[in-house]
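Read through the structure below, which is laid out as structure tokens, and then see the notes.
The values are calculated or read from the model by the stated rules, or taken from the named source; none is laboratory data. Remember, predicted model here, so these are calculated numbers, not experimental data. No Cβ is skipped: glycine too gets one built from the backbone with ideal geometry, and neighbour counts run over all protein chains shown. What goes into the accessible areas is simple: the full protein's heavy atoms, side chains included, and nothing from ligands, DNA or RNA. Shrake-Rupley method; radii C 1.70, N 1.55, O 1.52, S 1.80 Å.
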Amino acid sequence: MRKALRWLLALAVLIGTLSTAGVATAAQAGRAGQVADIKDQLLAIPGMSLVQEKPYTGYRYFVLNYTQPIDHRHPSKGTFQQRITVLHKDVSRPTVFYTSGYNVSTNPSRSEPTRIADANQVSLEYRYFTPSRPEPADWSELDIWQAASDQHRVFKALKPIYTKNWIATGGSKGGMTATYFERFYPRDMDGVVAYVAPNDVVNNEDSAYDRFFTKVGTKECRDRLDAVQREALVRRDSLEKKYAAYAAENGFTFTTVGSLDKAYEAVVLDYVWGFWQYSLLSDCDTIPANAQAATDDEIWTSVDTISGFSFYTDQGLSPYTPYYYQAGTQLGAPTIQFPYIEKKYVRYGYQPPRDFVPRSIPMKFQPGAMRDVDSWVRHHADHMLFVYGQNDPWGAERFAVGKGSKDSYVFTAPGLNHGANVAALTADQKELATARILAWAGVPAPTTAQAKPLASYDATLDRPVLEREPALRP
């Protein structure tokens, strides 16, 4: 009886998904042959509900909830509400499917491919980031296949409305997400643009990061950063007193990481990585030139500005539990060495993701997950573009396309950090990348000699999305 009920529930979810096309088509037809309003078309999709509509000149912008199975293999296990947003321009335009790999912003914005193709944009919140989390949460259902299946199901629901070409995109963990989506559902998208997407194929082999930190930028800049990081550990006792007062003043606690001492070292060890992830070589002038002569406040301020002393508190870690869970079960996480710091000053080293997830959540690493994706990209990538920043540590382990790939590229923006994009590429690569994005989107390139974005720059929609966030988080 239970099996029969479970089968019927699964069938109901499947029928709801398959009937989406018919419902959306009917909604488009409207009454007396008139095309229905886009909001009515969206809300005609089974499981779709409106949270809010926000006006924006030239667009319609919707914040929505969509009912998703907790387990796409076994829909009878229940459902949860996943938040999505739609920046609607016109159903005659292509659509860009954007993922950050984390929460979704509820304010309208455009990714770079959206501007290039003058497209609609659908943005998806990654499962288990609040509020898109089942209650209670079965953390074993948080994996890259389930997340890709979320995206596939949203695409299938919206494709009858947005019938033109689709391109998946995202930056950092969002770039990883777009890549995994393509790996598991290669027939959905017409192209993929993945920005600064890490690719940690062998979790325990991280020498590429160590080599990166011996060459990035200039020796003068590297020496400044190394010296401040070392000095923060040399002055551990005095600066931890400052940290304790700071934590008490703000109500911060350290249950997950284990102690204030472990949190302090984690913040300090993020310092050099965080600088190169978010800053440029020109920002080296902001780093104390003589760490030994700097005051405690100067060392504290420099580390706090780049790494953030609030992050490894319980309050800072909590929003990122889904990321650290994935890093410790499938994605992998970097571990680097600090040869310029005497061993007596480093008590814990780079701590594993397990240390940043509450112990009540079980974790087991799956070493084959990233090897599978890496192999698939090398041999099967089709219409994929990877963009990296020359000075971004996350690019030390990156995706590569091989002989089996078609119309796929890996480009590097000179001197750029974790905010690298197509606009920052060399002139020839920028033109090629722009032309390929337009071709994948199914729209003609501009009639000028040089391919360029079809939509004009908008200071609000196109503001840089790179935010100064914790370092060891892509």
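Being over 30 Å from residue 434 (Cβ atoms) and under 24 Å from the mean Cα position of the chain (by Cα) narrows it down to one of 206, 200, 226, so name that one.
Numbers: 200 fails: over 30 Å from residue 434 (Cβ atoms); 226 fails: under 24 Å from the mean Cα position of the chain (by Cα).
Selected residue: 206, the only one of 206, 200, 226 that is over 30 Å from residue 434 (Cβ atoms) and under 24 Å from the mean Cα position of the chain (by Cα).
Just one of 274, 308, 328, 316 is buried (at least 18 other Cβ atoms within 10 Å of the Cβ) and under 30 Å from residue 368 (Cβ atoms); which is it?
328
If the requirement is being of a type outside the set (Lys, Arg) and either farther than 25 Å from residue 398 by Cβ or in contact with an Asp or Glu (Cβ under 6 Å, 6 or more places away or on another chain) (or both), which of these qualifies: 195, 185, 128, 180?
Every option except 128 fails the conditions.
Under 8 Å between Cβ atoms, at least 6 apart or on separate chains: pull out the pairs that start in segment 194-219 with a residue that is farther than 23 Å from residue 328 by Cα and end on any residue that is modelled with pLDDT of 95 or more and open to solvent by 40 Å² or more (accessible area, probe 1.4 Å).
213/222; 214/222; 216/222; 217/281; 218/281
Which members of segment 254-282 meet the condition of being hydroxyl-bearing (Ser, Thr, Tyr) and either free of Cβ contacts under 8 Å to residues at least 24 places away in the same chain or at positive phi (or both)?
Filtering segment 254-282 down to residues hydroxyl-bearing (Ser, Thr, Tyr) leaves 255-256, 259, 264, 271, 278-279, 282.
Passing the criteria: 259, 282.
Within segment 287-299, can one find any residue that is modelled with pLDDT of 95 or more, in contact with a Lys or Arg (Cβ under 6 Å, 6 or more places away or on another chain) and either of a type in the set (S, T, N, Q) or closer than 26 Å to residue 391 by Cα (or both)?
Here is the first cut: in segment 287-299, the residues modelled with pLDDT of 95 or more are 287-299.
So of that shortlist, the ones also in contact with a Lys or Arg (Cβ under 6 Å, 6 or more places away or on another chain) come out as 287.
Among the residues that remain, those that are also either of a type in the set (S, T, N, Q) or closer than 26 Å to residue 391 by Cα (or both) are: 287.
Yes, because at least one residue in segment 287-299 is modelled with pLDDT of 95 or more, in contact with a Lys or Arg (Cβ under 6 Å, 6 or more places away or on another chain) and either of a type in the set (S, T, N, Q) or closer than 26 Å to residue 391 by Cα (or both).
Whether any residue in segment 230-242 is more than 30 Å from residue 281 (Cα to Cα) and acidic (Asp, Glu) is what I want to check.
So far as segment 230-242 goes, yes, one or more of its residues are more than 30 Å from residue 281 (Cα to Cα) and acidic (Asp, Glu).
Hey, can you tell me all the residues within segment 342-362 that are assigned to a loop (DSSP other than H, G, I, E, B) and open to solvent by 50 Å² or more (accessible area, probe 1.4 Å)?
First, the residues of segment 342-362 that are assigned to a loop (DSSP other than H, G, I, E, B): 342, 346-352, 357-362.
Matches in segment 342-362: 342, 347, 348, 352, 359, 360, 362.
For segment 123-231, list the helices (runs of 4 or more DSSP H) that sit wholly inside it and hold at least 3 residues that are open to solvent by less than 10 Å² (accessible area, probe 1.4 Å); which are they?
Passing ranges, in order: 144-158, 173-184.
What about residue 64, is it at pLDDT below 95 and under 29 Å from residue 144 (Cβ atoms)? If you could, list the steps in order and put the result at the bottom.
Details: at pLDDT below 95: no; under 29 Å from residue 144 (Cβ atoms): yes.
Here the answer is no, as residue 64 does not meet what is asked.
From the list 71, 118, which one is within 27 Å of residue 420 (Cα to Cα) and in contact (Cβ under 8 Å) with a residue 60 or more places away in the chain?
Numbers: 71 fails: within 27 Å of residue 420 (Cα to Cα).
The unique qualifying residue is 118.
Please go through segment 327-341 and give me each residue that is in contact (Cβ under 8 Å) with a residue 24 or more places away in the chain and either assigned to a loop (DSSP other than H, G, I, E, B) or touching a Pro at 6+ places or on another chain (Cβ under 7 Å) (or both), ordered by number. Even if it seems obvious, please write down each step before you answer.
Pass one, segment 327-341, residues in contact (Cβ under 8 Å) with a residue 24 or more places away in the chain: 327-338, 340-341.
327, 328, 332, 333, 334, 335, 336, 337, 338, 340, 341, listed by residue number.
What are the residues in segment 283-304 that are in contact (Cβ under 8 Å) with a residue 60 or more places away in the chain, surrounded by fewer than 19 Cβ atoms within 10 Å (Cβ to Cβ), among the hydrophobic types (A, V, I, L, M, F, W, C) and in a helix (DSSP H, G or I), if any?
284, the sole residue that qualifies.
What is the one condition in (1) open to solvent by 50 Å² or more (accessible area, probe 1.4 Å); (2) under 30 Å from residue 359 (Cβ atoms) that residue 261 does not satisfy?
All conditions pass for residue 261, except number (1).
Could you count how many residues in segment 425-446 are open to solvent by less than 60 Å² (accessible area, probe 1.4 Å) and either among the charged types (D, E, K, R) or not in a helix (DSSP H, G or I) (or both)? Explain how you work it out, then say what you get.
Step one: filter segment 425-446 for residues open to solvent by less than 60 Å² (accessible area, probe 1.4 Å), giving 425-426, 429, 433-435, 437-443, 445-446.
The next check asks that each one be either among the charged types (D, E, K, R) or not in a helix (DSSP H, G or I) (or both); those that pass are 425-426, 442-443, 445-446.
Matching residues across segment 425-446 total 6.
For residue 365, are the conditions met, namely being among the hydrophobic types (A, V, I, L, M, F, W, C), in contact (Cβ under 8 Å) with a residue 12 or more places away in the chain, outside any helix (DSSP H, G or I) and in contact with a Gly (Cβ under 9 Å, 6 or more places away or on another chain)? Walk me through it before giving the result.
Working: among the hydrophobic types (A, V, I, L, M, F, W, C): yes; in contact (Cβ under 8 Å) with a residue 12 or more places away in the chain: yes; outside any helix (DSSP H, G or I): yes; in contact with a Gly (Cβ under 9 Å, 6 or more places away or on another chain): yes.
For residue 365, the condition - among the hydrophobic types (A, V, I, L, M, F, W, C), in contact (Cβ under 8 Å) with a residue 12 or more places away in the chain, outside any helix (DSSP H, G or I) and in contact with a Gly (Cβ under 9 Å, 6 or more places away or on another chain) - is met.
Looking only at segment 373-402, count every residue that is in contact (Cβ under 8 Å) with a residue 12 or more places away in the chain, closer than 21 Å to residue 145 by Cα, assigned to a helix (DSSP H, G or I) and not β-branched (Val, Ile, Thr) and tell me the total.
Count: 5.
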